[in-house]
Amino acid sequence: MTLVKQITPSKLLVNRSRIEDYLKEEFSNLVSETSWMTESEQLIQRFQLLKCKELSETEIKNLEWDVDEIERIVHETFQNVSCYLPFEEMRITVVPALLLPFFRDQPQSMWTNAFTNGPGNIIIAIPPRPDIDFLQYLLAHECHHASPENPIYQLSLDTFTLEEWYKMEGTAEYFALSLYPDKRWWKDNLPIEMEVRYWNECKDHLKSTDDHLKASLCFGNPQKGIPVFAGYSFALQVVSTYASTHHLEDIRDLFSVRPSVLLECYATSISKCTSN
């Protein structure tokens, strides 16, 4: 069963006088003691939805999308994903995509962003006229995270290491890009010279669970010379390297591969590349 809830700009506008209570009501069933974010306020902050209090009525209306089209695309994408990953149920909550720091140099059509808060539980933010290829790729990526078979749900904050993050994001990227065109605006941010420097920066921290360290390496840190979303590009390269040298009969085979095995395969490959 697939449940799609669209928290549209028009709904936010109608409830703007009580927007905090309204959003808590809408997000309350998306959190629990076992979800990644356990408080509805955390999800509301993640998508910066309270900024709608500062926007004019016209600005909010300008965020509106075609509800029927998005409903169709979401169901179509999930049906495609379900051919490869089994789900008992899926909740997909659609919210407006507001301007985040990462998007300042990107067209509004590419502002789509998302977060998976547990098995079968995706929140996705979309702009008024999203790039459909990018939307479907990102939704497929999040569906991979949301698979109840995904081993990330066996982890805790004490065991969610950097190498586990690389496996989580690399396998999701590999899966999504096997289904949809590559419209990632950050895909060229890690040329081979930068990739080698990045590997030298991260290889001694693979067992770290330090959130500050992981955030810098995963999402980028311009002050340290780490490109935006470098971790995602690197994670995809790690998984792609493994997949190119190991026969995969089923995309789900990657769930059982230990992160250390993925990184060891990559280390061997990059060593050969740099020695030639």
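Here are some notes:
- Members of the range 19-34 found to be of a type in the set (Val, Ile, Thr) and over 15 Å from Pro9 (Cα atoms), listed by number: Val31, Thr34
- For the range 206-234, the set of residues classified as out of contact with any Cys (no Cβ under 8 Å at 6 or more places or on another chain), under 21 Å from Val261 (Cβ atoms) and either surrounded by 15 or more Cβ atoms within 10 Å (Cβ to Cβ) or modelled with pLDDT under 95 (or both) consists of Leu206, Ser208, Thr209, Lys214, Cys218, Ser233, listed by residue number.
- Residue list for the range 38-88, restricted to those being out of contact with any Phe, Trp or Tyr (no Cβ under 8 Å at 6 or more places or on another chain), charged (D, E, K, R) and more than 14 Å from Gln6 (Cα to Cα): Glu39, Glu41, Lys51, Lys53, Glu54, Glu57, Glu59, Lys61, Glu76, Glu88
- Residues that are closer than 22 Å to Phe219 by Cβ, of a type in the set (Gly, Ala, Ser) and buried (at least 22 other Cβ atoms within 10 Å of the Cβ) within the range 121-158 comprise Ala125, Ala140, Ala146, listed in sequence order.
- Some residue of the range 92-102 being in a helix (DSSP H, G or I) and modelled with pLDDT under 95: yes
- Yes/no for Thr161 being farther than 22 Å from Val67 by Cβ, crowded, with 22+ Cβ neighbours inside 10 Å, in contact (Cβ under 8 Å) with a residue 40 or more places away in the chain and not basic (Lys, Arg): no
- Asn117 closer than 19 Å to Ser82 by Cβ and in contact with a Leu (Cβ under 9 Å, 6 or more places away or on another chain): no
- Of all residues in the range 163-173, at least one satisfies being basic (Lys, Arg) and out of contact with any strand residue (DSSP E or B) (no Cβ under 7 Å at 6 or more places or on another chain).
- Candidates Glu71, Glu64, Glu25, Glu41, filtered to the one that is out of contact with any helix residue (DSSP H, G or I) (no Cβ under 9 Å at 6 or more places or on another chain) and either more than 23 Å from His141 (Cβ to Cβ) or in contact (Cβ under 8 Å) with a residue 24 or more places away in the chain (or both): Glu71
- Among the residues making up the range 103-137, a single one is in contact with an Asp or Glu (Cβ under 7 Å, 6 or more places away or on another chain), in a strand (DSSP E or B) and either within 12 Å of Ile70 (Cα to Cα) or modelled with pLDDT under 95 (or both): Ile124.
The values are calculated or read from the model by the stated rules, or taken from the named source; none is laboratory data. From a predicted model like this one, the values you see are computed outputs, not experimental measurements. Ideal geometry is used to build each Cβ from the backbone, glycine not excepted, and the neighbour counts take in all protein chains shown.
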